[in-house]
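Trainee: Handing you this structure, nothing more for now.
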Amino acid sequence: MGNKFFNLILMCTVFTLLLHDNVVAAESTGESICLSCHQYPGLVRQNEGQQNGLKILHIDNVKYRASSHGHVDCTACHIDVDKIPHVGKNKTNCQSNCHQSNKDKKLLANTPRKRFHKNEQSVITLLEDKTSCKVCHQIYPHTKEPFVRAFLNMHTGYMVCEVCHLDRAKFTVARYGWVQTKDVQFEGEAFGTFYDPLHKLTLVPESTLSRIAPYVNREGKLEALMNTWDTDGAINVYSSRRQLNEEEKVLEFTRYHRDVVKMKQTTACEKCHSANGLIDFQAIGFSNERSNTLINLDIGDIIKKYDVFYIPEL
């Protein structure tokens with residue numbers, strides 16, 4: 001069940017990305033295979049040794065192709081990447097096909113390769129949505145499952161936690177809509193969606209980020225299920241957590257997670273990306289073409305056939 005669920009998320013995300021509005025048409029090269037996933041902003045995992053505590057896996061397609069290395073196939077440097085997923089494959093070799101002169105060898109010896117792609121990457125560095133989730137969890141919170149953590153983290157810029165983690169046994173979602181977060185900062189270029197309610201259009205954000213949220217009907221009014229009502233209490237508990245005994249910690253943890261469910265019970269991606277899925281994408285402002293792209297993802301056969309996809313040598 002666990003492996004199937006994670007494979008489903010991984011492949012669903014990959015094929016969602018392949019059909020994204022901003023995709024540059026892929027050519028039959030190893031480089032394009034890599035950028036089919038890595039060109040999407042917000043593809044990150046936590047790493048305390050990196051800037052902002054994040055390992056940024058995003059590579060801007062256009063900027064990379066315009067760079068001095070834009071003509072180089074990714075696997076010419078990333079020599080141990082030969083399949084998807086490739087967690088833990090971090091080895092690079094700048095001299096496998098290039099930089100073989102003595103002059104280049106000396107240059108490479110004194111050239112740090114951390115954040116080598118830093119001018120081609122974008123990530124959210126501040127997202128002050130005033131929710132209780134953010135009191136304890138980082139902006140990009142998923143860490144436990146190596147195969148899919150970066151793909152799950154990518155969704156942070158597009159939807160609130162409750163879209164996936166809401167306990168649906170307790171709540172009946174009336175519809176999905178947008179919530180606005182104004183306190184947002186980006187490293188690199190801004191990305192995601194800004195929903196213009198006046199013209200009912202989805203646009204590229206500037207200073208305000210819109211994210212999808214579930215709405216429920218409370219006393220005749222639609223209300224977004226985005227927990228901001230007990231944030232002050234969560235702050236108090238978090239600041240005094242070292243004084244709590246184990247029993248008290250369990251009680252507080254249970255209280256602040258009373259309306260959500262853990263990962264294995266969350267909504268799998270096909271619940272949204274399918275005909276008659278949870279979210280009516282056209283109703284919340286996406287174009288007809290974009291909506292069809294998001295719902296018509298035929299991933300069933302792919303999940304059954306592939307656990308690992310080996311990158312072809314072309």
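Trainee: What's the exposure ranking of Y195, Y176, going from fewest to most Cβ atoms within 10 Å?
Mentor: Y176, Y195
Trainee: Next up: Give me the one-decimal nm value for the distance between modelled label points at K114 and K89, 7 Å along each residue's Cα-to-Cβ direction.
Mentor: Result: 2.5 nm between the two label points.
Trainee: A further question follows. With each pseudo-label sitting 7 Å past Cα toward Cβ, what's the H199-S287 distance in nm, one decimal?
Mentor: 1.3
Trainee: Among 89-98, 229-238, what's the highest-first ranking by average C-beta atoms within 10 angstrom per residue?
Mentor: Packing proxy ranking, top to bottom: 229-238, 89-98.
Trainee: A further question on this structure: Counting only residues 5 or more places away or on other chains, whose amide H sits under 5 Å from the amide H of Q46 once H atoms are built in the peptide plane?
Mentor: Close amide H contacts, sequence-distant or interchain: K55.
Trainee: How would H199, H78 line up from fewest to most surrounding beta-carbon atoms within 10 angstrom?
Mentor: H199, H78
Trainee: What residues have an amide H closer than 5 Å to that of V260, excluding those fewer than 5 places away on the same chain, when H is modeled at 1.01 Å from N in the peptide plane?
Mentor: So V260 has HN proximity to D167.
Trainee: Taking the simple approach of a point 7 Å from Cα along Cα-to-Cβ for both K105 and Q185, what is their distance in nm?
Mentor: Between K105 and Q185, the simple spin-label model gives 4.4 nm.
Trainee: Related question: What residues from the range 201-236 fall in the zone where the backbone N is under 14 Å from a label point 7 Å along the Cα-to-C-beta line of D280?
Mentor: Counting only backbone N, you get 215.
Trainee: Y195's amide H: which non-local residues (gap 5+, or another chain) put their own amide H closer than 5 Å, with H modeled 1.01 Å from N in plane and none for Pro or chain starts?
Mentor: Answer set, sorted by chain and number: L203, S210.
Trainee: Continuing with this model, one more query. Could you sort out which of K63/K114; K89/K130; K55/K249; K221/K262; K114/K262 sit more than 26 Å apart by Cα distance in this structure?
Mentor: Checking Cα-Cα distances, K89/K130; K55/K249; K221/K262; K114/K262 exceed 26 Å.
Trainee: Right, something else. Rounded to the nearest 0.05, what FRET efficiency do L251 and S67 give with R0 = 51 Å and r taken as the Cβ-Cβ distance? Could you check?
Mentor: On the way: r = 53 Å, r/R0 = 1.04.
After rounding, the FRET efficiency stands at 0.45.
Trainee: What ranking, highest mean first, results for peptides 244-252, 280-288 when packing means the other Cβ atoms within 10 Å averaged over each residue?
Mentor: So the peptides 244-252, 280-288, ranked by packing, come out 280-288, 244-252.
Trainee: A further question follows. Using +1 at the Cβ of each Lys and Arg and -1 at the Cβ of each Asp and Glu in the range 169-248, identify which of A190, L203, L244 lies farthest towards the dipole's positive end.
Mentor: L203
Trainee: So what are the ³J(HN,Hα) numbers for the range 224-240, from phi and the Karplus equation (6.51, -1.76, 1.60; θ = phi - 60°), rounded to whole Hz, Gly and Pro as x?
Mentor: With coefficients 6.51, -1.76 and 1.60, one gets 5, 8, 9, 5, 10, 7, 10, 5, 4, x, 5, 4, 5, 5, 5, 5, 10 Hz.
Trainee: Separate question: Which ³J(HN,Hα) values in Hz, rounded to whole numbers, follow from the phi angles of the range 252-261 under the Karplus curve 6.51 cos²θ - 1.76 cosθ + 1.60, where θ = phi - 60° and Gly and Pro get x?
Mentor: 5, 4, 5, 5, 7, 10, 5, 9, 10, 10
All of the numbers you see were taken from the coordinates with simple rules; none came from a lab. These figures come from a predicted structure and were not determined experimentally. Here Cβ is always computed from backbone atoms with ideal geometry, including for glycine, and neighbour counts include all displayed protein chains.
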